[in-house]
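Data block below; observations after.
Here, each number is a calculation from the coordinates, and none is a lab measurement. None of the values given here were measured: they were computed from a predicted structure. Quick reminder, even Gly has a Cβ in these numbers, built from the backbone with ideal geometry, and neighbours come from all protein chains shown.
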Amino acid sequence: MSTALRERLTSSTENLRTVASLEFTDEVFESDNYRSAEVLTEDLQSLFIVNIRERTMTILTMNEEMEVTKETLFTDKIISMKELFSDYSLNQNTPPWKLELVLLDGRTIEVEPGLSKLHDESYKDPEIAGEVAEDFENFIAGLKNTLIL
């Protein structure tokens, strides 16, 4: 993740980033092998991390009681990946607003970074919103590097 991303996180989300750093070391935010996207909702904070080299996706979540869960999936368990766009424009290269992943067991995982705007005012800043969109696109690109669909 970029330095600007670190600066805009709230103290509670910083705890989730600390968990990620402890689990993976700081390499997770500095290495080209990793791509991540964060989503803040009313009751959960989530950090989705793709390890391109190992072809895994790790989902770290933290609830209001500061309980952390970690789930690591091999990306070969993903059978479909759908990017959802509001109004797609080839000229402006419109970024997706949501990603749906369907796993072999039929479970669907949704990654929607735009939800963060509803739960943290700083995400409404156009500069930060642009960084979130870029992080999300990089996360999707990282997933695409690990999948053969």
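Could you list, in their original order, any pairs among Lys77/Lys144; Lys82/Lys124; Lys70/Lys98 whose Cα atoms are separated by more than 23 Å? Correct reply: Lys82/Lys124.
Peptides 137-144, 101-108 ordered by packing proxy, namely the average of other Cβ atoms within 10 Å per residue, highest first: 137-144, 101-108.
Each residue of the stretch 123-128 was assigned a 3J(HN,Hα) from its phi angle through the Karplus expression (A = 6.51, B = -1.76, C = 1.60, θ = phi - 60°), giving 6, 7, 4, x, 5, 5 Hz with x at Gly and Pro. Using only alpha-carbon positions in the stretch 26-149, the gyration tensor eigenvalues give semi-axes of 21, 19, 15 Å once each is multiplied by 5 and square-rooted (largest first). Annotation: peptides 114-120, 78-84, ranked by per-residue average of other Cβ atoms within 10 Å with the highest first, follow the order 114-120, 78-84. In whole Å, how far is the Cα centre of the stretch 116-149 from that of the stretch 61-84? Taking the Cα centre of each part, the stretch 116-149 and the stretch 61-84 sit 15 Å apart.
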